[in-house]
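Presented below is the structure to which this report refers.
The values are calculated or read from the model by the stated rules, or taken from the named source; none is laboratory data. This one's a predicted model, so the numbers in the text were calculated from it and none came from an experiment. Positions of Cβ are backbone-derived with ideal geometry, glycine not excepted, and every protein chain shown enters the neighbour counts. When the accessible area is computed, the model is the full protein with side chains, heavy atoms only, and any ligands, DNA or RNA have been set aside. Shrake-Rupley method; radii C 1.70, N 1.55, O 1.52, S 1.80 Å.
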Amino acid sequence: MPTPRSKQISLSQTLYYHCVSRCVRRAYLCGKDALTGKSFEHRRGWVEKRLLFLAQVFCIDVCAYAVMSNHTHLVLRVNLDEANTLSDEQVLIRWHRIFKGTLLSQQYMRIEDRQQLTPAEIRQVKS
């Protein structure tokens with residue numbers, strides 16, 4: 001059974017993490033598949049671009065990374081100082097860069113709609 005992130009990550013212990021992600025079933029992330037001769041090299045740029053974008057959104061510093069034929073290695077640092085300075089609105093703006101958000105979070109981001117939200121709905125958005 002997987003271990004929840006709350007048990008794996010302890011920012012009081014370290015801000016640095018080595019993450020590995022592997023492809024399964026002989027799938028290729030990038031490079032040339034020797035069995036089929038098919039090239040997946042175009043994906044390397046996609047992975048790099050997305051990694052750097054996500055790191056920016058989530059206050060993560062990328063210390064090092066390697067995108068290999070069937071797996072990636074990342075050495076990441078949680079930028080706790082930057083994360084702690086973000087307001088609720090800044091967090092939602094970043095979150096909405098990746099996800100559509102909920103109806104409540106969308107209403108909260110529109111100033112004219114925010115005034116119509118109940119205190120309970122605002123607490124829900126902020127939690």
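Mind listing whichever residues of region 59-81 are among the hydrophobic types (A, V, I, L, M, F, W, C), without any contact (Cβ under 8 Å) to a residue 12 or more places away in the chain and closer than 20 Å to Thr14 by Cα? Once the filter is applied, which keeps residues that are among the hydrophobic types (A, V, I, L, M, F, W, C), without any contact (Cβ under 8 Å) to a residue 12 or more places away in the chain and closer than 20 Å to Thr14 by Cα, region 59-81 yields only Ala64. Scanning region 5-24 for residues that are within 27 Å of Arg44 (Cβ to Cβ) and modelled with pLDDT of 90 or more turns up Tyr16, Tyr17, His18, Cys19, Val20, Ser21, Arg22. Quick one: is Val91 β-branched (Val, Ile, Thr), in contact (Cβ under 8 Å) with a residue 40 or more places away in the chain and either under 26 Å from Phe40 (Cα atoms) or not in a strand (DSSP E or B) (or both)? So Val91 fails the test. If you go through region 10-58 and keep only what is aliphatic (A, V, I, L, M) and without any contact (Cβ under 8 Å) to a residue 12 or more places away in the chain, you end up with Val24, Ala34, Leu35, Leu52. Once region 40-74 is narrowed to residues that are modelled with pLDDT of 90 or more and among the small types (Gly, Ala, Ser), the residue that is least open to solvent (accessible area, probe 1.4 Å) is Ala55. Could you list, in sequence order, the residues of region 48-76 that are in a helix (DSSP H, G or I) and either of a type in the set (Lys, Arg) or over 13 Å from Cys19 (Cβ atoms) (or both)? Once the filter is applied, which keeps residues that are in a helix (DSSP H, G or I) and either of a type in the set (Lys, Arg) or over 13 Å from Cys19 (Cβ atoms) (or both), region 48-76 yields Glu48, Lys49, Arg50, Leu52, Phe53, Gln56, Val57. Inspect region 77-90 for any residue being among the aliphatic types (A, V, I, L, M) and either over 25 Å from Cys19 (Cα atoms) or touching a helix residue (DSSP H, G or I) at 6+ places or on another chain (Cβ under 8 Å) (or both) and give the result as yes or no. Scanning region 77-90 turns up at least one residue that is among the aliphatic types (A, V, I, L, M) and either over 25 Å from Cys19 (Cα atoms) or touching a helix residue (DSSP H, G or I) at 6+ places or on another chain (Cβ under 8 Å) (or both). Scanning region 6-39 for residues that are charged (D, E, K, R) and open to solvent by less than 70 Å² (accessible area, probe 1.4 Å) turns up just one, Asp33.
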